[in-house]
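A quick write-up on the structure given underneath.
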Amino acid sequence: MKTWQLGNHLLEFIEETHTYVCDGLIVPSVSTILKTKFNDYVGVSKEVLNRAAELGSNLHLAIELFEKEGKTSDLKEFKNYLFLKKHYKIENLENEIPIIYEKDGKVIYAGTLDQLCKVDGRLCINDFKRVSAPNKEKIALQVNLYKIGYEQTYHKSIEILSFMHLREEKRKFYKLPVNEEMAIKLVKEYLEMENERKEEEDV
């Protein structure tokens, strides 16, 4: 389990179940919020999903170990990360950064963003995707949710949002639109669905 002190809040992450606990209460992840609008994995077997998650985790870990400790990896995707980083002159600042977003004194969601970096000298949140066909609309909402949480948690402004598509021979860097309004709308939809679900349970 990982733990962080974020301002007045204690955030815990249980890796086995991908569960965030803030101040002793379970809070939804960014991924959970996104499921309000997207359900990309209907019909995909658990074995396939687990294998994809393992390969994705290996890539994230390889990048994190390189940026923190200088350790290199033989993964093709890792080498493509280095290529894109050099080509776009991306300056890594931090990796695997926890965030929370709260409203009216209540923590609404938590998450861990892949990379904080500088692109063209401007602060950027960058995500890594190993999926075969990235859903740009979904990823844009994801990094906008990270942006809102990061700015509230760390009091720094994010100017650029992006992701890298790293899968086998594929390597591409995409900039994404900043649209906090759409992200907040999705959060409201999630909260409304949760309230309806709780009301039905209470009946």
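The numbers here are math on the coordinates, done by the rules we state, and not lab data. It should be emphasised that the depicted structure is a prediction, and the values quoted were computed from it without experimental measurement. Here the Cβ is made from the backbone with ideal geometry for all residues, glycine too, and neighbour counts use every protein chain on show.
Structure notes:
- The chain: translational diffusion in µm²/s, Stokes-Einstein, Kirkwood Rh over Cα pairs, 37 °C, 0.692 mPa s: 183 µm²/s
- Tensor-based shape of the range 20-122 (alpha-carbon gyration tensor, a/c under 1.5 rounded, otherwise prolate or oblate): oblate
- For the chain, the 222 nm mean residue ellipticity estimated from helices alone, with every DSSP H stretch of n ≥ 4 adding -39500 (n - 2.57) and the total spread over all residues, rounds to -13500 deg cm²/dmol.
- Annotation: lysines with alpha-carbon distance below 20 angstrom to Lys156 (same-chain offsets under eight excluded): Lys103, Lys118, Lys147, Lys175.
- Counting only Cβ charges, +1 for Lys and Arg and -1 for Asp and Glu, the dipole size of the range 64-136 around its Cα centre is about 340 debye.
- Think of the chain as having a plus end and a minus end, set by charges on the Cβ of Lys, Arg, Asp and Glu; of Tyr20, Asn50, Asn80, Asn80 sits farthest toward the positive end of this dipole.
- Tensor-based shape of the range 1-78 (alpha-carbon gyration tensor, a/c under 1.5 rounded, otherwise prolate or oblate): oblate
- Modelled label positions at Glu137 and Lys170, each set 7 Å beyond Cα in the direction of Cβ, lie 1.8 nm from each other.
- The Kirkwood radius of the range 94-203, taken over pairs of alpha-carbon atoms, gives through the Stokes-Einstein law at 10 °C and 1.306 mPa s a diffusion coefficient of 105 µm² s⁻¹.
- Computed magnitude of the charge dipole of the chain (debye, nearest 20; Cβ of K, R +1, Cβ of D, E -1): 1140 debye
- When you count the other C-beta atoms within 10 angstrom of each residue and take the mean per peptide, 158-164, 103-109, 181-187 line up highest first as 158-164, 181-187, 103-109.
- Shape of the range 130-195, Cα gyration tensor, a/c cut at 1.5: oblate
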